[in-house]
Amino acid sequence: MEYFTQLFLGGLTRGSIYALIALGYTMVYGIIELINFTHGEIYMIGAFTALITASVLTLYGFNELSILVMASLVAVIYSSAYGYTIEKIAYKPLRHAPRLSPLISAIGMSIFLQNYVLLAQTSDFVPFPALVPEFAFMKAYEHIFSSAELMILLTTTVVMIILSCVIKFTKTGMAMRATAQDRKMAMLVGVDVNRIISVTFIIGSALAAVGGVLIASHIGQINFYIGFIAGIKAFTAAVLGGIGSIPGAVLGGFVLGWTESFATGYVSSDYEDVFAFALLVLILIFRPAGILGKSKSEKV
Amino acid sequence: MLKLVNVKTSYGNIEALKGISMEVHEGEIITLIGSNGAGKTTTLMSISGITPPRAGEILFMGRPIHNMSPDMIVSHGISQVPEGRHIFPELSVMENLHMGAFLRTDREGIAKDIDYVFGLFPILTDRRHQAGGTLSGGEQQMLAISRALMARPRLLLLDEPSLGLAPKVVKQIFDIIRRINTEQKTTVFLVEQNANLALQAAHRGYVMENGRIVLEDHADRLLSNEEVKKAYLGM
Ligand SMILES: Nc1ncnc2c1ncn2[C@@H]1O[C@H](COP(=O)(O)OP(=O)(O)OP(=O)(O)O)[C@@H](O)[C@H]1O
Ligand SMILES: [Mg+2]
């Protein structure tokens, strides 16, 4: 039972990170029907920004928790700026081009960013400091659930609650939903759709940066390639849940996290990805639109 | 109030508007009639800035608006109820109304106007928390008009408000259009397939064929015009 609990909590933590990143994919897709392939790189850039910030702050002798908070803040700002800029230079000029063009632009941008970080840093893994302190009250549960995992779970939960409040209760959030449902009509009531698209990229990038910092601090090392792996996983989660659906992205993240965790724990860690993608294939066969997604005919 | 001068609009290399000129005076109801594919919807979308004209001028209150973005045009006082209503399906009735008031910041005024449109269409009051997509066709048309009114437009563009509705609902909606015109002094630009109905409600009318304006006159004179009778009134 304890082993089960451990796997359950591990899957939950992992899933919450997938969910956080999947939200960026799904929100962008909901508004402009584009798979934003640079999203994983935004996450990776967030992690590197946090690493650099943390290194500097460590020199000044700040404590772990304040470094975590400040490094996350800088990462969020930096990644958001990247997300905003990428949309403006790589996607916006192609808004009225055939659908494949922005997709190719996205893949190109993703490769460019990977190589840019590869050249600026190194291809090797670089150590990332553990920024989450060991909480005393977690001592007794250390073997099934670590302080770092608790921090991940708490942060992702808070961030997701804030996000749903923004989307549900603010005017910008309402405009985002309206734009996703009917872009032309949103323009006709006076929504500046370009602004909404920018806001969506900024929010998605901020979430990815938070995810990047949390994971980097948990795993303890990063390189230029982590965004690709995390990106594929989170994209899988978004598709699982139903791309375009916000609750779907969260659910898809958890489903994927648990699948991986239990498959690793009960079968073999070699098969982690096999199970994840087998699940994706199964869902796509039986529910092509994803768990919570709407089929095209429903969405008129 | 609104003036179109030799407006040309194209989709790719298909020219949908081949140089049309029209004028709408403050306070009137004008109608634009024409058969399928004549270019009526394109005319309204050109005014709203969704399909900006390739050539020509559109002036509103003397100001050129043909280079403005759609949100700027709304903020100058032009709202549109598009063909097919385009209710935001997953937003509630209230949220749809608030989207109509998107560019306004006067909370009290917005609340008052919500009461006003609920007064025009009492049935929407009972549906206020229902998702827009679950309303009936007639209710959606009422909501679409209400949403456009929430912007407090000076000029209201209506694209085929009678489409697919029962005669009783059509009558109700046309009564409201007249009422908005007299009570709120809102100028109305009405596009209709149902020429008879439109010409009875309007002061003046334009007839469009193949992207060109072919006739322009007082509504009652168009109603008794032999060609109009034959082509659009089924007589
Ligand atoms: N998005 C588009 N792409 C290409 N051609 C278009 C597009 N929209 C309209 N057209 C063409 O432009 C012309 C005018 O269309 P428009 O929709 O303005 O006509 P309409 O008078 O509103 O017709 P209806 O009464 O059927 O609504 C038509 O020939 C139509 O095929
Ligand atoms: Mg039309």
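The values are calculated or read from the model by the stated rules, or taken from the named source; none is laboratory data. Computed from a prediction, not measured in an experiment: that's the story for all the values here. When we count neighbours, we look across all protein chains shown, and the Cβ atoms used for this are built from the backbone with ideal geometry, even at glycine. With ligands, DNA and RNA removed, areas are computed over all heavy atoms of the protein, side chains included. Shrake-Rupley method; radii C 1.70, N 1.55, O 1.52, S 1.80 Å.
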Exercise. Could you tell me which numbered condition residue B:87 fails, if it satisfies all but one of (1) aliphatic (A, V, I, L, M); (2) within 9 Å of chain A (Cβ to nearest Cβ); (3) in a strand (DSSP E or B)?
Key: (3)
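Restricting to the stretch A:103-140, name every residue that is assigned to a helix (DSSP H, G or I) and farther than 23 Å from residue A:83 by Cα.
Our first condition is that a residue be assigned to a helix (DSSP H, G or I); within the stretch A:103-140, this holds for A:103-120, A:136-140.
A:136, A:137, A:138, A:139, A:140, listed by residue number.
Among residues belonging to the stretch B:152-163 that are touching a Leu at 6+ places or on another chain (Cβ under 7 Å) and modelled with pLDDT of 95 or more, point out the one that is farthest from ligand 1 (Cβ to nearest atom). Steps first, please.
Start the filter on the stretch B:152-163 by keeping residues that are touching a Leu at 6+ places or on another chain (Cβ under 7 Å), which leaves B:155, B:157-159, B:162.
Now drop any that are not modelled with pLDDT of 95 or more, which leaves B:155, B:157-159.
Details: B:155: 18, B:157: 12, B:158: 12, B:159: 7 Å.
In this case the residue turns out to be B:155.
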Practice problem: Considering only the stretch A:35-76, state which residues are assigned to a loop (DSSP other than H, G, I, E, B) and open to solvent by 10 Å² or more (accessible area, probe 1.4 Å). | Solution: A:35, A:37, A:60, A:61, A:62, A:63
Quiz item: Looking at the stretch B:3-48, which of its residues are more than 9 Å from ligand 1 (Cβ to nearest atom) and of a type in the set (Lys, Arg)?
Solution: B:3, B:8, B:18
Exercise. Pick out the one residue from A:183, A:195, A:177 that is under 20 Å from residue B:101 (Cβ atoms), out of contact with any Ser or Thr (no Cβ under 9 Å at 6 or more places or on another chain), of a type outside the set (A, V, I, L, M) and surrounded by fewer than 18 Cβ atoms within 10 Å (Cβ to Cβ).
Key: A:183
Exercise. Among what's in the stretch B:21-51 and is hydroxyl-bearing (Ser, Thr, Tyr) and in a loop (DSSP other than H, G, I, E, B), pick the residue that is nearest to the other protein chains (Cβ to nearest Cβ).
Key: B:51
Quiz item: Which one is farthest from residue A:211 (Cα to Cα), of the residues in the stretch A:11-34 that are assigned to a helix (DSSP H, G or I) and open to solvent by 20 Å² or more (accessible area, probe 1.4 Å)?
Solution: A:32
Self-check item: Residues that are over 24 Å from the mean Cα position of the chain (by Cα), open to solvent by 30 Å² or more (accessible area, probe 1.4 Å) and among the aliphatic types (A, V, I, L, M), drawn from the stretch A:120-143
Solution: A:136, A:140
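Conditions (1) buried (at least 22 other Cβ atoms within 10 Å of the Cβ); (2) more than 14 Å from every other protein chain (Cβ to nearest Cβ), marked per residue:
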| position | (1), (2) |
| --- | --- |
| B:101 | yes, no |
| B:106 | no, no |
| B:136 | no, yes |
| B:144 | yes, no |
| B:147 | yes, no |
Exercise. Sort through B:123, B:176 and tell me the only one that's away from ligand 1 (no atom under 16 Å from the Cβ), under 16 Å from the mean Cα position of the chain (by Cα) and in a helix (DSSP H, G or I).
Key: B:176
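Output the number of residues of the stretch A:160-188 satisfying the condition of being facing chain B (nearest Cβ under 7 Å) and out of contact with any Phe, Trp or Tyr (no Cβ under 7 Å at 6 or more places or on another chain).
Going through the stretch A:160-188, the residues facing chain B (nearest Cβ under 7 Å) turn out to be A:174-175, A:177-178, A:181-182, A:184-185, A:187-188.
Filter once more, keeping what is out of contact with any Phe, Trp or Tyr (no Cβ under 7 Å at 6 or more places or on another chain): A:174, A:177, A:184, A:187-188.
Adding up the residues that qualify gives 5.
Okay, residues lined up against (1) closer than 29 Å to residue B:58 by Cβ; (2) more than 12 Å from chain A (Cβ to nearest Cβ); (3) more than 16 Å from ligand 2 (Cβ to nearest atom):
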residue: B:153; (1), (2), (3): yes, no, yes
residue: B:158; (1), (2), (3): yes, yes, no
residue: B:166; (1), (2), (3): no, yes, yes
residue: B:173; (1), (2), (3): yes, yes, yes
Quiz item: Of the residues B:50, B:87, B:73, which is within 20 Å of residue B:135 (Cβ to Cβ), β-branched (Val, Ile, Thr) and out of contact with any strand residue (DSSP E or B) (no Cβ under 7 Å at 6 or more places or on another chain)?
Solution: B:87
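Hey, among B:21, B:69, B:75, B:46, which residue is within 26 Å of residue B:183 (Cα to Cα) and among the polar types (S, T, N, Q)? Outline the logic, then answer.
Details: B:21 fails: within 26 Å of residue B:183 (Cα to Cα); B:69 fails: within 26 Å of residue B:183 (Cα to Cα); B:46 fails: within 26 Å of residue B:183 (Cα to Cα).
Answer to the check: B:75.
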Self-check item: Test set (1) within 14 Å of another protein chain (Cβ to nearest Cβ); (2) within 15 Å of the chain's Cα centre (by Cα) - residue B:69 fails condition number
Solution: (2)
Exercise. Restrict the check to the stretch A:258-268 and report whether at least one residue is modelled with pLDDT of 90 or more, closer than 18 Å to residue A:211 by Cα and under 14 Å from the mean Cα position of the chain (by Cα).
Key: no
Practice problem: Go through (1) more than 16 Å from ligand 1 (Cβ to nearest atom); (2) in contact (Cβ under 8 Å) with a residue 40 or more places away in the chain and name the single condition residue B:72 misses. | Solution: (2)
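Can you tell which of B:8, B:18, B:112, B:3 is more than 16 Å from ligand 2 (Cβ to nearest atom), assigned to a helix (DSSP H, G or I) and more than 24 Å from residue A:31 (Cβ to Cβ)?
Details: B:8 fails: assigned to a helix (DSSP H, G or I); B:18 fails: assigned to a helix (DSSP H, G or I); B:3 fails: assigned to a helix (DSSP H, G or I).
None of the others qualify; the one that does is B:112.
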Quiz item: So is residue A:157 assigned to a helix (DSSP H, G or I) and within 14 Å of chain B (Cβ to nearest Cβ) or not?
Solution: no
Quiz item: Can you find even one residue in the stretch B:43-63 that is open to solvent by less than 10 Å² (accessible area, probe 1.4 Å), within 16 Å of ligand 2 (Cβ to nearest atom) and closer than 23 Å to residue B:231 by Cβ?
Solution: yes
